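Taking it in order: structure first as structure tokens, then the write-up.
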Amino acid sequence: MKKIITTLLKAGVSVAIIVYLFRTIDFAEVWQLFKHVHVGYLIAALGLYLLGQVFCAYRWKLVAALMGFHNSFSEFFTYYFIGMFFNLFLPTAIGGDVGKCYYLAKGNKKVLRAVVSVLADRGSGLIVLVMIAGISLTMVNGVTLPSSLPAGILMGNTLVFIGLIVPIFAGKYLSGFSEKISLLLTYWKKPVPLIKAIGISFIFHALIIIIHILIGMSLEMTIPWKFYLFVVPLVVTVSMLPVSLSGIGLREGAYVFFLAFVNVPKTEALTFAFGWFTILVMSSLTGGIVFAINSLVSRK
């Protein structure tokens, strides 16, 4: 019952934000803009996003190996793409992570280790998001931002730095709190996989920024490329907040809010958001195909 109530509340948040956006923005104008999008750019963006997910599957394989999982890359690829499908089509942002843990631990009962591998994979991506946002502050000259935004980004970078450094000096004390923390600290005792994962995360998020540039080009928007370094990490972080269904509503509202800093009209910003949402849906449907094939193979 509690899960049902939580899901209904998240659905309410998503619906409320979408309704608010459409009450303040002319949907007919958004639809007209979207109908005239240059599809070639979106197809290229989708291809890059799927390539990025392949990189992410390999990143997960790297960090999972330290937890004792030595599955083939094809298995990690399959589980990761299934997770993409679950992420968008289950009523929770962590549905894909639960699915990945289930498939990885299936048959070996290493559930906790599977969870830690997913946390390490997610964590390496989040670390890079915060770092890119920090770097972007040196590149958005001429854009007037609320003082709370740079302050929040700098605070986030400070917390990331502390989070990376503290386990080096206090690992033996932290490991006593729980088995999960003890397993996570393995990545500080043997840091090479985590360092490689962070490097791959930079490649992945570079692709995400290029994808956003392509979406802007598909709509003939003149957004300074440097601003994408700022807006992408913030929108992704906002959409990860566990208060809506798979980030729906939060993500669209975040694009409208942040793109206003470079004078992008609300209609264009919302159309841009739909372009990104289209990429997510299409890639998730690809994950659905992988899920269907895997289910058929497993039954044989």
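No lab work stands behind these numbers, since they all come straight from the coordinates. Note that the structure is predicted; figures quoted are calculated from it, not measured. Glycine also receives a Cβ, built like all others from the backbone with ideal geometry; neighbour counts cover every protein chain displayed.
Subtracting the Cα-Cα distance from 0.36 nm times the residue separation, let me have the gained length for Thr7 to Leu174 in nm, one decimal.
Gain in length upon complete extension: 56.8 nm.
If R0 is 25 Å, what FRET efficiency do you get for Val281 and Leu145 from their C-beta distance, rounded to 0.05?
0.20
Cα axis of helix 73-89 to longest principal axis of the chain: angle in degrees, 0 to 90, nearest 10?
The two axes meet at around 50 degrees.
In degrees, nearest 10, range 0 to 90: what is the angle between the Cα axis of helix 2-24 and the longest Cα principal axis of the chain?
Roughly 20 degrees between the two axes.
Work out from phi, with θ = phi - 60° and the Karplus expression 6.51 cos²θ - 1.76 cosθ + 1.60, the ³J(HN,Hα) of each residue of region 59-68, listed in order in whole Hz, and give x for Gly and Pro.
4, 5, 4, 4, 6, 6, 4, 6, 8, x
Per residue of region 243-257, what does 6.51 cos²θ - 1.76 cosθ + 1.60 with θ = phi - 60° give for ³J(HN,Hα)? Whole Hz please, x for Gly and Pro, Karplus curve as stated.
Couplings: 10, 9, 7, 6, x, 5, x, 4, 4, 5, x, 5, 4, 4, 5 Hz.
Classify region 1-144: rounded, prolate or oblate, from the alpha-carbon gyration tensor (a ≥ b ≥ c, eigenvalue square roots; a/c under 1.5 rounded; otherwise prolate if a/b is larger than b/c)?
Numbers: a/c = 1.86, a/b = 1.46, b/c = 1.27.
Judged from the Cα gyration tensor, region 1-144 comes out prolate (a/c at least 1.5, a/b above b/c).
Per residue of region 269-285, what does 6.51 cos²θ - 1.76 cosθ + 1.60 with θ = phi - 60° give for ³J(HN,Hα)? Whole Hz please, x for Gly and Pro, Karplus curve as stated.
The phi angles translate into 5, 5, 5, 4, 4, 5, x, 5, 5, 4, 4, 5, 5, 5, 5, 5, 5 Hz.
Using the crude model of +1 on Lys and Arg Cβ and -1 on Asp and Glu Cβ, and no other charge, please compute the dipole size for region 2-299 relative to its Cα centre, in debye to 20. Present the calculation step by step, with values, prior to reporting the outcome.
Details: 22 positive and 9 negative charges, 242 e Å.
Charge dipole, region 2-299, about its Cα centre: 1160 debye, nearest 20.
Contour minus end-to-end for Asn71 and Lys106, with contour as 0.36 nm per residue of separation and end-to-end as the Cα-Cα distance? Please list the in-between numbers first.
Values: separation 35, 0.36 × 35 = 12.60 nm, distance 1.18 nm.
Net length gain for the segment: 11.4 nm.
Working from Cα positions, state the angle (0 to 90°, nearest 10) between the long axis of helix 225-239 and the longest principal axis of the chain.
Its long axis makes an angle of about 60 degrees.
How much of the pair distance distribution for the chain lies past 34 Å, counting alpha-carbon pairs only, in percent?
24 percent
How large is log10 of I(q)/I(0) for region 107-165 at q = 0.30, 0.31 Å⁻¹ when the intensity is taken from the Debye formula with one equal scatterer per alpha-carbon?
Each listed q maps to, in turn, -1.19, -1.22.
Mind ranking 162-175, 227-240 by how tightly packed they are, going by the mean number of other C-beta atoms within 10 angstrom, highest first?
Packing order, densest peptide first, comes out as 227-240, 162-175.
What is the total of Lys pairs in region 139-247 with C-alpha atoms under 27 Å apart, excluding same-chain pairs fewer than 8 positions apart?
Lysine pairs meeting both conditions in region 139-247 amount to 8.
Out of region 20-54, which chymotrypsin sites (Phe, Trp or Tyr not before Pro) are coil in DSSP terms and have no more than 14 other C-beta atoms within 10 Å? Don't skip to the end; give the middle numbers.
Details: sites: Tyr20, Phe22, Phe27, Trp31, Phe34, Tyr41, Tyr49; in loops: none.
Taking region 20-54 and a limit of 14 other Cβ atoms within 10 Å, no loop chymotrypsin sites (Phe, Trp or Tyr not before Pro) are found.
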